[in-house]
Amino acid sequence: MADILPLRFAALPADDRPTPAPVLEPLLLSARDLAAMLRLGLRTVRSMDAAGKLPAPVRVGGSVRWRLDEIRAWLDAGCPAREAWACVRAARKRLDATNKENER
């Protein structure tokens, strides 16, 4: 290892430096990803889903996923149960539709 020289990007002009790749967030989360995000165990996430305490998942082929933006909004709303969350989402959609109509 001693004979390998480190790369020195500081010596390159600013225009020649490599730009870091953008970090892309996933749009959908698996149960394992959701458990990691919520700092819960996988079994806890599965139990919460079965009990209706999480937003409804999306089924893609044979896999179950949750939309990242919906999970964030659900957390901001205080983590209501699935039925209450569905009512909140429906009310928001109606409000958005009304606002769009008023803008015209």
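Please give the length that would be gained between residue 77 and residue 64 if that part of the chain were fully extended, namely 0.36 nm times their separation in residues minus their C-alpha to C-alpha distance (nm, one decimal). Let's see the in-between values first.
Values: separation 13, 0.36 × 13 = 4.68 nm, distance 2.26 nm.
Full extension of this stretch gives 2.4 nm more.
Whole-Hz ³J(HN,Hα) for each residue in the range 27-36, computed from phi via Karplus 6.51 cos²θ - 1.76 cosθ + 1.60 with θ = phi - 60°, x for glycine and proline: what do you get?
Calculated HN-Hα couplings, in order: 7, 10, 10, 7, 4, 5, 5, 5, 4, 5 Hz.
Mind ordering 17-27, 80-90 by average Cβ neighbours within 10 Å, highest first?
80-90, 17-27
Based on the Cβ-Cβ distance of residue 86 and residue 19, what FRET efficiency does E = 1/(1 + (r/R0)^6) give at R0 = 41 Å, to the nearest 0.05? Show your work: numbers first, answer last.
Values: r = 42 Å, r/R0 = 1.03.
E between residue 86 and residue 19, to the nearest 0.05, is 0.45.
Give me, ordered by chain and number, the residues 5 or more places off residue 58 or on other chains with an amide H under 5 Å from its own placed amide H.
Under 5 Å from the amide H of residue 58 lie the amide H atoms of 65, 66, 67, each far enough along the sequence or on another chain.
Read-outs: derived from the displayed coordinates by stated rules, not from any lab. A quick note: this is a predicted structure, and the numbers were derived from the prediction, not measured. Reconstructed Cβ throughout: ideal geometry from the backbone, glycine too, with neighbour counts over all protein chains shown.
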